[in-house]
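Below is one structure, written out as structure tokens; comments come after it.
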Amino acid sequence: MATDLAKLKRGKGTPPPAEEAPDVIAENVRTDEKAPLRPLQVRIPANVFEEFSEMAGREFGFTHGAKKQLFLKMWKAYKAQSRQT
């Protein structure tokens, strides 16, 4: 995000007006965050972990929680598939 330097030349002691930013709290799309969380720990080969991490990053962005989101998406797909059979 680039700073508009013209805003800084307005005068002494006058801060630039705040820029509009999206309301990230109102746009919060997280679900099931109220449910108690439990850790799920498994040991897998390093190459599988790296592939999973890469896939999670590409699908959900390289941010905190991407692997959790991918796991939950896979779990929902698994449950939907097992109900059909």
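Below, the figures for the structure above:
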{"quantity": "Scan of the range 50-72 for residues that are among the charged types (D, E, K, R) and within 15 Å of Leu40 (Cβ to Cβ), ordered by number", "calculated": "Lys67, Lys68"}
{"quantity": "Lone qualifier among Gln69, Gln41, Gln81 - being surrounded by fewer than 10 Cβ atoms within 10 Å (Cβ to Cβ), at pLDDT 75 or above and either part of a loop (DSSP other than H, G, I, E, B) or under 17 Å from the mean Cα position of the chain (by Cα) (or both)", "calculated": "Gln41"}
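Yes/no matrix, rows are residues, columns are (1) charged (D, E, K, R); (2) at pLDDT 75 or above:
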| residue | (1), (2) |
| --- | --- |
| Ile25 | no, no |
| Lys34 | yes, yes |
| Val48 | no, yes |
| Phe52 | no, yes |
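The values are calculated or read from the model by the stated rules, or taken from the named source; none is laboratory data. The shown structure was predicted, so the numbers you read here are calculated from the model rather than taken from an experiment. Every residue, glycine among them, receives a Cβ derived from its backbone with ideal geometry; neighbour counts consider all protein chains shown.
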